[in-house]
Amino acid sequence: MTEKIYIFDTTLRDAEQVPGCQLNTIEKIEVARQLEKLGVDIIEAGFPVSSPGDFNSVVEISKAVTNPTICALTRAVKKDIEVAAEALKFAQRGRIHTGIGTSDYHIYEKLNSTPEEIIRQAVEAVKYARRFVEDVEFYAEDAGRTAEEYLARVIEAVIQAGATVVNIPDTTGYCLPNEYGAKIAYLKNHVPNIDKAIISTHCHNDLGMATANTIAAIQNGARQVEVTINGLGERAGNTALEEVVMAISCHKNLNFDLGINTRQIIASSQLVSSLMRVPVQPNKAIVGRNAFAHSSGIHQDGVLKSRETYEIIAPEEVGVDQSSIILTARSGRAALKHHLKEIGYTPEGEELDILYQKFLELADKKKDITTRDLEVLAGMEKSRKNRSLKLEALQVVCGSTTLPTATVQVSFGGDIFTETASGNGPVDAAFNAIKSITKRRVHVEEYLVQAITRGSDDLGKVHVQISHKGKMYHGFAANTDIISASVESFLDAISKIS
């Protein structure tokens, strides 16, 4: 029988308080509705006493969503609890999340208090919150650095006072997974009434341990996880919802029921990233744009043969259409052939070898090879095969104090011809050199340069239209070097003159 793990999402509270990530009420409602689609159990909607805006957001979110429990955060202060209760009045299922610091750092330095006084305040806050709602969660702030014996006393007291959930935060992200897991196990074994409440995790990522700590806690008895979309949160962030959910999903032996619609993960990630204006790092687990991308030739070959060779999650499971075979200078023939097949081009043998070499030349110049690049390459290779004139070498000299000059080497009918000429610019000089080689009296009617993609390493596309003896001929080429593309397109046009 599977055990339920409750997903408590605090994107709208802990993540939203990050500088630059503030949302207005309409935006918060949009995120809350997406979280409902995702299937989270609890939405921490805000800290009502902190501002009128936060209060209003909790009110409106309570009206806007139906299935999740709506939670409001408070300190162990009566006024906070009263305001939270008022904000939750429209929630079908409301929860007050109250608490206080329990580590020595908090007791003596932050609160200037004593361990016994902290327990008294914690119990009083929980009892007061129970006057307004049946569901009360207590957080022991900085539990990660709180001594186990004292933490157990606090937890036993608040459960006796009526807490239904006890939150054990690693507030500073200090714990190692074995330490945090052991802390949860200690509470399970040393708090007599622990069966009367659910143990919750709330881990921060200061040392990059948030997800590992959360999983360790689940393995030791925690049954609620407090997470955020994309791992956003104070300082280095919180435990990422998508990482915990997919870690549990992948490891079937954990045997937990999550109730999450994983196909909504990418949509949730993109919405939060957009509204909070925080781009997702490319290599972010599960939701980064490279999470299902393969650029190494060895990996690409393996994935094309069997996805499971390099992927433990099917991209469709999290809402990604398919894995990406990214073409780079490290890609092999298998990846190139795969992409060419997708655009309806199936070269084999020598033709594929020639195209692969051209691809590598382009990949060394560009960071990303797009489908449009491949269409251009494939079109260029087809035209080159039928072209009588082929560019063998090109060198240009130009500058503000130098006469533009071009040396062009062209092969024709098995012979190599070289010519040097000057002109109004490097392109004009190269065209003049080709005219001298071919002895063609042609006139350039149109010369058009167009960037195919964006960035300084773009593949430039050049169209040339020339006239010869009253007839028009068109040439086309593409290259990251515009001058080379211009020369190739000019040769392409001249080659078409019978």
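The values are calculated or read from the model by the stated rules, or taken from the named source; none is laboratory data. None of these values were measured; they are calculated from a predicted model. We place every Cβ from the backbone using ideal geometry, glycine too, and count neighbours over all the protein chains shown. Heads up: the accessible areas ignore ligands, DNA and RNA and are worked out on the full protein's heavy atoms, side chains in. Shrake-Rupley method; radii C 1.70, N 1.55, O 1.52, S 1.80 Å.
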* 10 Å beta-carbon shell around His474, net charge (K/R +1, D/E -1) -> -2
* Once a ≥ b ≥ c are taken as the square roots of the eigenvalues of the Cα gyration tensor of segment 185-263, is the result rounded (a/c under 1.5), prolate (a/b larger than b/c) or oblate (a/b not larger than b/c)? -> oblate
* Peptides ranked, highest mean first, by Cβ atoms within 10 Å: ranges 278-286, 432-440 -> 432-440, 278-286
* Asked: Which lysines have a Cα lying under 18 Å from the Cα of Lys79, excluding residues fewer than 8 positions away in the same chain?
  -> Lys89, Lys127
* Asked: Taking 0.36 nm per residue of separation and subtracting the Cα-Cα distance, what length does fully extending Gln270 through Thr2 add?
  -> 93.4 nm
* Gyration tensor verdict on the chain (Cα atoms; rounded if a/c is under 1.5, prolate if a/b is larger than b/c, oblate otherwise) -> prolate
* Structure fact -> Carbon/sulfur accessible area of the chain, % of total, 1.4 Å probe, equals 49 percent
* Structure fact -> Helix 115-130: inclination vs the chain longest Cα principal axis, degrees, rounded to 10, gives 80 degrees
* **Cross-link pairs Lys365/Lys390; Lys337/Lys496; Lys365/Lys469 - those with Cα-Cα distance over 31 Å** => Lys365/Lys469
* Structure fact -> Applying the gyration tensor rule to the Cα atoms of segment 387-495 (axes a ≥ b ≥ c; rounded if a/c under 1.5, else prolate if a/b exceeds b/c, else oblate), the class is rounded
* Asked: Mean separation of Cα pairs under 8 Å and 6+ residues apart, divided by the residue count of the chain: what relative contact order is that in percent?
  -> 9 percent
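Counting only other residues whose beta carbon sits under 10 Å from that of Leu12, what net charge do I get with K and R as +1, D and E as -1? Can you show the working numbers first?
Numbers: positive: Arg13, Lys28; negative: Asp9, Asp14, Glu16, Glu27, Glu44, Asp54.
Net local charge, Leu12 excluded: -4.
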* **Label-point gap, in nm, between Lys89 and Ile312 - each point 7 angstrom along Cα→Cβ** => 4.9 nm
* Any lysines with Cα under 22 Å of the Lys37 Cα? List them, leaving off those in the same chain fewer than 8 positions away. => Lys4, Lys28, Lys63
* How far, in degrees from 0 to 90, does helix 148-161 lean away from the longest principal axis of the Cα atoms of the chain, to the nearest 10? -> 70 degrees
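With Cβ to Cβ distances under 10 Å as the rule, what net charge do the other residues near Ala143 carry (K, R +1; D, E -1)? Can you show the working numbers first?
Working: positive: Arg145, Lys183; negative: Glu141, Asp142, Glu148, Asp170.
Taking every Cβ under 10 Å from that of Ala143, the sum is -2.
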* Could you name the aspartates and glutamates whose alpha carbon sits less than 18 Å from that of Lys358, not counting residues in the same chain fewer than 8 places away? => Glu348, Glu350, Asp368, Asp373, Glu375, Glu381, Glu392, Asp457, Asp458, Asp481, Glu488, Asp492
* segment 161-260, relative contact order in percent, only Cα pairs under 8 angstrom and at least six apart counted -> 26 percent
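Could you order peptides 226-239, 171-184, 188-201 by the average number of other Cβ atoms within 10 Å of their residues, highest first? If you can, show how the numbers build up before the last one.
Numbers: 226-239: 24.4, 171-184: 19.7, 188-201: 17.3.
Result, highest mean Cβ count within 10 Å first: 226-239, 171-184, 188-201.
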* Inter-label distance, nm, simple model (7 Å from Cα along the C-beta direction), Tyr105/Thr401 -> 6.3 nm
* Structure fact -> Taking Cα pairs closer than 8 Å and at least 6 residues apart, the relative contact order of segment 3-276 in percent is 20 percent
* For the residue pair Thr420 and Glu342, what label-to-label distance in nm results when each label sits 7 Å from Cα along the Cα-to-beta-carbon direction? -> 4.7 nm
* Between the helical axis of 25-38 and the dominant principal axis of the chain, each derived from Cα atoms, what acute angle in degrees is found, rounded to the nearest 10? -> 90 degrees
* To do: Would you mind working out the accessible area per residue for the chain, using a 1.4 Å probe, and quoting it in Å²?
  => 46 Å²
